[in-house]
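For reference, the structure is listed below as structure tokens.
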Amino acid sequence: MIAGGVTSGTIDWKEYGLKTDILPRIQPDNFIDLEITSEVSRLDWSNKVQNYPALLTRKATSSVKLKSGQTVTIAGMLETTMDEQLIGVPLLSQIPLLGRLFSTKRKAETKTNVLIFVTPRILD
């Protein structure tokens, strides 16, 4: 959200997800110099502004030199998220103090890792 004044604003579209840019350069010795930039972003509802989520972004850049047909792997863009959800019997779980007898908290831990494999080849 971009503020346009005290009571107004506009929505700015942002792309999110997985984005990978690869810049190959063929060297005179027939090696390939790769510059790889990876970006992983997701909606972050815990940091929302007027019901519009923020973006949480992780970015990594690597440079590697390899022969045609060799594979390079990029990993390590780890993320761990913890979610807590209150589940209970409708109405009864909302009674002060007694509601604890009719509800439970469920915690979930999610771990994600991004692996990128790149195999460049020089074509004749």
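Assorted remarks:
- Dimensions of segment 65-124 along the principal axes, based on C-alpha atoms and rounded to the nearest Å, stand at 75, 17, 10, largest first.
- Kirkwood Rh and Cα Rg combined as Rg/Rh, the chain: 1.22
- Derived scalar couplings ³J(HN,Hα) [segment 70-77; Karplus, 6.51 cos²θ - 1.76 cosθ + 1.60; whole Hz; x for Gly, Pro]: 7, 10, 10, 10, 10, 9, x, 8
- Residues whose amide H comes within less than 5 Å of that of Ala54, counting only those at least five positions distant or on another chain, are Asp44, Asn47, Lys48, Val49 (H built at 1.01 Å from N in the peptide plane).
- Segment 42-85 shape via C-alpha gyration tensor axes, a/c threshold 1.5: prolate
- Take the chain with all the other protein chains still there, run a 1.4 Å probe, and you get 80 Å² of accessible area per residue.
- For Leu18 and Leu78, the difference between the fully extended length at 0.36 nm per residue and the C-alpha to C-alpha distance is 20.3 nm.
- Dipole magnitude for the chain: computed about the Cα centre from +1 point charges on Lys and Arg Cβ and -1 point charges on Asp and Glu Cβ, it is near 440 debye.
- For Met77, the residues whose amide H sits under 5 Å from its own are Val114, ignoring neighbours fewer than 5 places away on the same chain, with H placed 1.01 Å from N.
- A simple spin-label model places pseudo-atoms 7 Å from Cα toward Cβ; at Lys48 and Asp33 they are separated by 4.7 nm.
- The chain - percent of accessible surface contributed by carbon and sulfur, probe 1.4 Å: 54
The values are calculated or read from the model by the stated rules, or taken from the named source; none is laboratory data. Remember, predicted model here, so these are calculated numbers, not experimental data. No Cβ is skipped: glycine too gets one built from the backbone with ideal geometry, and neighbour counts run over all protein chains shown. For the accessible areas, the whole protein counts, side chains as well, though only heavy atoms, and no ligand, DNA or RNA atoms are used. Shrake-Rupley method; radii C 1.70, N 1.55, O 1.52, S 1.80 Å.
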